[in-house]
Amino acid sequence: MTSEKFRRQLRQEAESWWNEGLIDAQLYGRLADRYQFKDIETNARSTFTTILISLGGILVGLGVITFVAANWTVWTRELKLAILLGLFLGVNITGFYLWRSRQRGTRKLGAALLLLGGLILGANLSLVSQMFHQSGNFYELLLVWGAGVSVMALSLAMPALSWLAILLVGSGYVPAITNGNMASDLTVYHLAALHMPVIVLVLFVPLAYRTQSKFTFLLAGLLFSASFIGNLFTLDGWAVELAIALPPALFWAYSVQSRQRFVVPEFQPLARALAVLLMAGSFYSLSFNAWMSFELDSSPGFKLPWGRHIAFDLLVCCALTIWLWLKLRHQLPRFNLFQTRSLNTGTVAVMLLVAGGTFYTHLRLVPIEVLGPILYNVLLFFLAIAAIRDGLALGSRRTFWGGMLLLVLGIVTRMLELDTELLTKAIVFSACGIGVILAGLWFERNIQQDDTPAPTQLQEENS
Amino acid sequence: MNPDTQPTLPATQPQPQLEPQPPRQRRVRQWQFWLPLALQALLLLAVPARDAYTMANGTPIVLQTAPVDPYDLLRGYYQTLSYEISAPAFLQELPGGQQVFAEWRNKTAFDFYVILEPPQTPVAPGQPPQPWVAVRVSADKPEDLRANQVALRGEYRNWSIRYGLETYYMPEDQREEINDEIRQIQQENPESFVVNVKVDDRGHGVPVSLWVSDRNYQF
């Protein structure tokens, strides 16, 4: 499907071609038919109404929730429950039948009502909980609510409901894991938080597939990484290297799979972006000269009841990652270190191995308080420069500016961090500057050679 | 270099479409809506199920209290209640308390039961009730309760005790007034702030109403 933007541009161009006599009216008509020029305005309007109607649904939902919180005593709780239950069923049922209709406008209204139904479910849950003065935590309510909404989202394949579901579960996850970290016996909610990575894989990723929504996939990816890393951190350093290496490895391996049933091409750029962002995040946060404070306690804190659950998830995620990378194996011979993209499977694999390996060595073999941060800085700057180069080579503005931002952030942070004499700073800056200029020249030479592409020559040049 | 050999490149060539596709009309079956709706309704029943059972079948008891005042985003304003039997020091003085609390002092989490008895002096209807008296503490669920006794299950977690009776939601418009009254009563006559609770035969309690001096609040 061509993008809206492209169609707009094409329409503009085609009109000027027609005016200039490059094409005749018939050809313009055929282009207009093929790219549906007449729908462009309608589509824009209809997107606008969708946003308005959905916003209305969300506001009404918030109104209902606040009404419950106000605990208004003029109506008894029973009456309120009857009204809210009626509203819940009425809104959902009306929404469903409107949504099934073939008319576009009705369909939209139906979708908004179903979204409202998802919000009213939360209002009802809080009302029944309030009726009996339950002292359970707020996050428990969020998790139950999120579970309810996901079932509906999964069954009807509705993007808006799936976003609501992931946002609810995600905002329930953080307090649940924090609270669970202090608890000594695990409730079902703590278990949900501990198994969040697997829950994302078996519930929210399929949800993204069913709804075909990129945003759902992005939210699921974010929740997966956050929960995977968050859960590992509760174990006081047990297998903490995997928090750095595994999520980006998983996303990257997904993003470079060839077309298969479980790979949606639209999701792959997102997975790649997530992988790069995660790498940037971990390289940056470990690039500080503070490695002497990273050390394991003499008794590693593998809390047994917790550890079991987290280790299970770890096993599942590791197996999945390894399986995806093994599927890439037959592609590996076709990789060489210098391709059109600097960020390719080979470099990513090397970066992740170096990152994980360095941290592992520091924590468990020999403390490398000086070498560690230096290696991470090298990784950080390599990632930034590779992104800038890819951005230029592929004309991707986002990649270019992302890399640029990372580079500037890295340099500024190092400048502020290195609390040395100005003279040293001057030398460091000059060295960096000369390095960047040399890198530029080197790339320039390679790009010029790229104009006369000969794969074997490229390989030799850069091996 | 042949672009086909670069698996990292995204599929940049969209397939040309000869016919614009009409919006994809999914054939949604009825059950795809009714089944999740039924599951959501089940959740609505499951969340309060146990409390509803306790409310219907539980034994009413009265507990002595003390409060603060927070806000919950979804459920509104509530009182955080703490009870006489929420203090480990108080429970330790009871028969069995030494054993449960001294032996398990190093554990951060365990459950126990407080056995309560109705007060000796009967109270006239309409008057604030007297709080029940804690008679002993037990590590396991007591089987030998007398007819008028009730066992309330408590949770010891990280050096504090919870009975699941710590929250009482109240209307926004009466919150200030009730809180002022409670503050005043707490200073003058702390004995007369009590909570009516229903307890089922497994020791699970649900707060029913507040008695502040001679006024009964039930929301």
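The values are calculated or read from the model by the stated rules, or taken from the named source; none is laboratory data. All figures in this text were calculated on a predicted structure; none of them were measured in a lab. FYI the Cβ positions are ideal-geometry reconstructions off the backbone, even for glycines, and counts take in every protein chain you see.
Could you say whether any residue in the range B:65-87 is farther than 19 Å from B:Tyr168 by Cα, more than 14 Å from chain A (Cβ to nearest Cβ), surrounded by 15 or more Cβ atoms within 10 Å (Cβ to Cβ) and at pLDDT 80 or above? No, the range B:65-87 contains no residue that is farther than 19 Å from B:Tyr168 by Cα, more than 14 Å from chain A (Cβ to nearest Cβ), surrounded by 15 or more Cβ atoms within 10 Å (Cβ to Cβ) and at pLDDT 80 or above. Scan the range B:138-157 and report the pairs whose first residue is farther than 19 Å from B:Glu93 by Cα and whose second residue is assigned to a loop (DSSP other than H, G, I, E, B) and modelled with pLDDT of 85 or more, with Cβ atoms within less than 7 Å and a gap of 6+ or a chain change. Matching pairs, first to second residue: B:Lys141/B:Gly203; B:Asn148/B:Pro118.
Given the residues A:Ile83, A:Ile53, which is the only one that is over 22 Å from A:Ser155 (Cβ atoms) and more than 11 Å from chain B (Cβ to nearest Cβ)? Criteria check complete, one pass: A:Ile83.
Residues of the range B:172-219 that are touching a helix residue (DSSP H, G or I) at 6+ places or on another chain (Cβ under 7 Å), part of a loop (DSSP other than H, G, I, E, B) and modelled with pLDDT of 80 or more: B:Asp200, B:His204. Determine whether A:Asn181 is closer than 22 Å to A:Tyr139 by Cα, of a type outside the set (Phe, Trp, Tyr) and in contact with a Ser or Thr (Cβ under 7 Å, 6 or more places away or on another chain). Criteria met by A:Asn181. Going by what's in this entry, would B:Tyr169 be described as under 30 Å from B:Val100 (Cα atoms) and either more than 12 Å from every other protein chain (Cβ to nearest Cβ) or aromatic (Phe, Trp, Tyr) (or both)? Considered against the rule, which asks whether it is under 30 Å from B:Val100 (Cα atoms) and either more than 12 Å from every other protein chain (Cβ to nearest Cβ) or aromatic (Phe, Trp, Tyr) (or both), B:Tyr169 comes out as no. Only a single criterion out of (1) surrounded by 14 or more Cβ atoms within 10 Å (Cβ to Cβ); (2) within 14 Å of chain A (Cβ to nearest Cβ); (3) under 28 Å from A:Gly180 (Cβ atoms) is not satisfied by B:Val137, namely (2).
All conditions in (1) surrounded by 23 or more Cβ atoms within 10 Å (Cβ to Cβ); (2) at pLDDT 90 or above hold for A:Ala226, with the sole exception of (1). For the criterion of being more than 8 Å from every other protein chain (Cβ to nearest Cβ), assigned to a helix (DSSP H, G or I) and at pLDDT below 90, A:Ala111 passes.
Of the residues in the range B:109-124, none is touching a residue at least 12 places away in the same chain (Cβ under 8 Å), polar (S, T, N, Q), assigned to a loop (DSSP other than H, G, I, E, B) and more than 24 Å from A:Asn71 (Cα to Cα).
What are the pairs with Cβ atoms under 6 angstrom where one residue, in the range A:226-255, is over 27 Å from A:Gly346 (Cα atoms) and the other, located anywhere, is of a type in the set (S, T, N, Q)? Sequence gap at least six, or different chains. So the pair list comes out as A:Thr234/A:Asn181.
Would you confirm whether or not the range A:210-224 contains a residue that is under 27 Å from A:Leu168 (Cα atoms) and more than 18 Å from the chain's Cα centre (by Cα)? Checking the range A:210-224: not a single residue is under 27 Å from A:Leu168 (Cα atoms) and more than 18 Å from the chain's Cα centre (by Cα).
Of the helices (runs of 4 or more DSSP H) lying entirely inside the range A:1-73, those containing at least 2 residues that are surrounded by 13 or more Cβ atoms within 10 Å (Cβ to Cβ), touching a Gly at 6+ places or on another chain (Cβ under 9 Å) and at pLDDT below 80 span A:39-70.
Among the residues of the range A:65-105, the ones that are under 30 Å from B:Pro171 (Cα atoms) and without any contact (Cβ under 8 Å) to a residue 12 or more places away in the chain come to 14 in all. Within the range A:117-135, not a single residue is of a type outside the set (Phe, Trp, Tyr), more than 7 Å from chain B (Cβ to nearest Cβ) and without any contact (Cβ under 8 Å) to a residue 12 or more places away in the chain.
Does B:Asp140 count as over 15 Å from B:Leu63 (Cβ atoms) and part of a loop (DSSP other than H, G, I, E, B)? Criteria met by B:Asp140. Of everything in the range B:152-170 that is surrounded by 14 or more Cβ atoms within 10 Å (Cβ to Cβ) and not in a strand (DSSP E or B), the residue that is farthest from the chain's Cα centre (by Cα) is B:Met170. Counting the residues of the range A:245-294 that are among the aromatic types (Phe, Trp, Tyr) and in a loop (DSSP other than H, G, I, E, B) gives 3. Residues being within 14 Å of chain A (Cβ to nearest Cβ) and surrounded by 20 or more Cβ atoms within 10 Å (Cβ to Cβ) are entirely absent from the range B:144-151.
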